Amino acid sequence: MNPKIKTLLFGGSGTCSAISDLALAILRVSTGLLMAFGHGKGKLFHDGTFGVSEQLVQGTAKLGFPAPTFFAWCAALAEFGCGILVAIGLFTRPAAAILVFNMAVAAFGAHLHAPIVSPPGSDAPSKELALLYLLPFLLFAFTGAGHFSADAMIRTMEKREKAGV
């Protein structure tokens, strides 16, 4: 079998390849944008106003957080701002780590007594969505953004500066 086809089908001996970098970038951009605009934006911009809703503040208070308004703002800003940072691939590891914490609180705090997956046809809350976001953010917290990212561009520029290029 052609070695290039074999590598494409089964992967290479190294962990980095153009196709894995592309897949990582697609996952990073899509997950970051979905978090920012599918969840964070709605917590910051609602009913035609900017700010967190009273419902979010009350939900944060029920979790036992002191200063629930402050922590509601933290959660909303993390989902929106860190989602955008992850999508861009800028400060990816810390932004993803913040989102891992956020999603862990959602799954094991806000949805503490909910099942992992709701029964078919049910609209009951579950941990599923929070866990589905937590896992890719955990990946990015450990691996970083990959080759196609702002973080990689910054590393490349720093290497060139050190080399005097």
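Please treat every number below as a calculation from the coordinates, not as lab data. The structure presented is a predicted model; accordingly, all values stated were derived computationally and were not measured. Don't worry about glycine lacking a Cβ; one is built from the backbone with ideal geometry, like all the others, and counts go over all protein chains shown.
Using a 10 angstrom cutoff on alpha carbons, build the Gaussian network for the chain and name the most mobile of 153, 35, 103.
Of 153, 35, 103, the Gaussian network model singles out 153 as fluctuating most.
How big is region 51-112 on each of its three principal axes, counting only the C-alpha atoms and giving the largest first in Å?
33, 25, 16
Taking a temperature of 37 °C and a viscosity of 0.692 mPa s, what whole-number D in µm²/s does Stokes-Einstein yield for region 1-148 with Rh from Kirkwood over alpha carbon pairs? Numbers along the way, then the final one.
Working: Rh = 16.7 Å.
For these conditions, the coefficient is 196 µm²/s.
Amide H neighbours of residue 45 under 5 Å, counting only residues 5+ apart in sequence or on other chains, H built in-plane at 1.01 Å?
51
Rounded to the nearest 0.05, what FRET efficiency is calculated for residue 153 and residue 41 with R0 set to 45 Å and r the Cβ-Cβ distance? Write out the running numbers ahead of the final one.
Values: r = 26 Å, r/R0 = 0.58.
It comes out at approximately 0.95.
Could you work out the helix-only [θ] at 222 nm for the chain, with each DSSP H run of four or more residues adding -39,500 (n - 2.57) and the total divided by the number of residues, to the nearest 500 deg cm²/dmol?
Working: 9 runs with 99 residues, N = 165.
Mean residue ellipticity at 222 nm (helix-derived): -18000 deg cm²/dmol.
Helix 18-35 against the longest principal axis of the chain: what's the angle in degrees, Cα atoms only, rounded to the nearest 10?
It works out to around 20 degrees.
Students often check this: by mean Cβ neighbours within 10 Å, which of 144-151, 81-88 ranks highest, and how do the rest follow? Working shown, then result.
On the way: 144-151: 19.8, 81-88: 22.5.
The densest-packed peptide leads the list: 81-88, 144-151.
Report the one residue of 110, 149, 76 whose Cα lies farthest in the direction of the positive end of the charge dipole of the chain (charges on C-beta: Lys and Arg +1, Asp and Glu -1; origin at the Cα centre).
149
Only Lys, Arg, Asp and Glu count, each charged at its Cβ (+1, +1, -1, -1), so figure out the dipole size of region 20-165 about its Cα centre, rounded to 20 debye. Please report the intermediate quantities before stating the final value.
Working: 10 positive and 9 negative charges, 77 e Å.
Value, rounded to 20: 360 debye.
For labels at residue 30 and residue 160 in the simple 7 Å Cα→Cβ model, what's the distance in nm?
For the pair residue 30/residue 160, the computed spacing is 3.1 nm.
Which whole-angstrom value gives the distance between the alpha carbon centres of region 129-165 and region 57-122?
Each part reduced to its Cα centre gives a spacing of 22 Å.
Angle, helix 150-163 long axis vs. longest principal axis of the chain, Cα atoms, 0 to 90°, nearest 10?
It is inclined by approximately 40 degrees.
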